[in-house]
Amino acid sequence: MSWDWAFVWQIMPTLLQGLKITLLVTVLGAIVAAVLGLVFAVARRSSIKPLARGTSFLVQFIRGTPLLVQLYVIFYVLPDIGIRLPALVAGVIGIGLHYATYAAEVYRGGIEAVPRGQWEAARATNLTLRQTWVHVVLPQAVPPMIPALANYLIAMFKETPLLSAITVLELMNQAKSVANSSYRYIEPMTMVGVFFLVISLISVALISLLEARYGRKASR
């Protein structure tokens with residue numbers, strides 16, 4: 001089958017609509033992962049043993065099961081107990097929750113890298129627990145985490161085709177729809193690969209800039 005540029009331009013609006021959904025899911029999922037990851041990291045350090053152990057078990061359980069299975073449970077199993085979510089919402093929650101467990105490990109490493117003296121100094125100056133976290137710990141812990149979190153963001157972006165399994169009209173699902181209706185697969189699937197490759201390369205370049213910037217700050 002020969003390449004047909006006219007067909008590519010014909011299907012481009014549909015693919016771009018799918019790309020928009022893919023990017024939206026990635027951004028919203030990243031927000032969910034960043035917030036929940038921090039919650040998980042802090043809960044695992046809690047002095048309340050049941051909370052710390054329960055959170056640790058939850059994190060390990062989610063990390064140890066495939067994202068696709070989790071998406072199926074959220075979208076297809078939860079309705080059996082009366083919880084029905086739109087496909088897009090289920091996809092954002094599923095991918096955000098999954099990557100929150102990886103973000104939690106990054107947060108944990110960053111938090112534990114903060115010198116113990118900083119915690120003691122905060123207590124000595126009578127800072128509250130919230131003030132200690134907001135003004136002392138997180139400003140020192142977050143910058144070294146940025147490259148690792150950014151890498152997980154790229155991984156999340158490349159996992160979005162799994163959302164086609166729960167009917168989210170993201171890029172891959174739109175491409176499959178075009179291919180199935182036209183019986184031409186080479187153009188839509190190639191363009192999907194091109195979109196993912198270009199955006200991934202741009203993201204990698206931005207991550208490199210962040211790493212170089214942080215490296216310069218750390219060396220001062």
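Those helices (runs of 4 or more DSSP H) of segment 30-129 in which 1 or more residues are touching a Gly at 6+ places or on another chain (Cβ under 9 Å) and modelled with pLDDT of 95 or more occupy 67-72, 87-112. Of the residues making up segment 175-198, those that are closer than 23 Å to Met156 by Cβ, touching a helix residue (DSSP H, G or I) at 6+ places or on another chain (Cβ under 7 Å) and either of a type in the set (Val, Ile, Thr) or open to solvent by 70 Å² or more (accessible area, probe 1.4 Å) (or both) are Lys176, Val192. Per the conditions (1) in a helix (DSSP H, G or I); (2) open to solvent by 40 Å² or more (accessible area, probe 1.4 Å); (3) within 27 Å of Thr26 (Cβ to Cβ), the sole criterion not satisfied by Val134 is (3). Within segment 186-215, residues that are closer than 30 Å to Trp9 by Cα reach partners that are among the basic types (Lys, Arg) and part of a helix (DSSP H, G or I) with beta carbons closer than 7 Å, at six or more positions or on different chains, in the pairs Phe196/Lys158; Ser200/Lys158.
Take segment 24-49 and flag every residue that is open to solvent by less than 70 Å² (accessible area, probe 1.4 Å) and of a type in the set (Lys, Arg). Passing the criteria: only Arg44.
Here is the figure for segment 65-111: residues that are open to solvent by 30 Å² or more (accessible area, probe 1.4 Å), within 20 Å of Leu153 (Cα to Cα) and of a type in the set (Gly, Ala, Ser) total 1.
Which one of these is open to solvent by 20 Å² or more (accessible area, probe 1.4 Å) and either more than 28 Å from Thr55 (Cα to Cα) or of a type in the set (Asp, Glu) (or both): Pro144, Pro139, Pro161?
None of the others qualify; the one that does is Pro161.
The values are calculated or read from the model by the stated rules, or taken from the named source; none is laboratory data. Just so you know, these numbers come straight off a predicted model, no measurement behind them. Please note: Cβ atoms are built from the backbone with ideal geometry, for glycine as well, and neighbour counts cover all protein chains shown. Accessible surface is based on the protein model in full, side chains and every heavy atom, while ligands, DNA and RNA are left aside. Shrake-Rupley method; radii C 1.70, N 1.55, O 1.52, S 1.80 Å.
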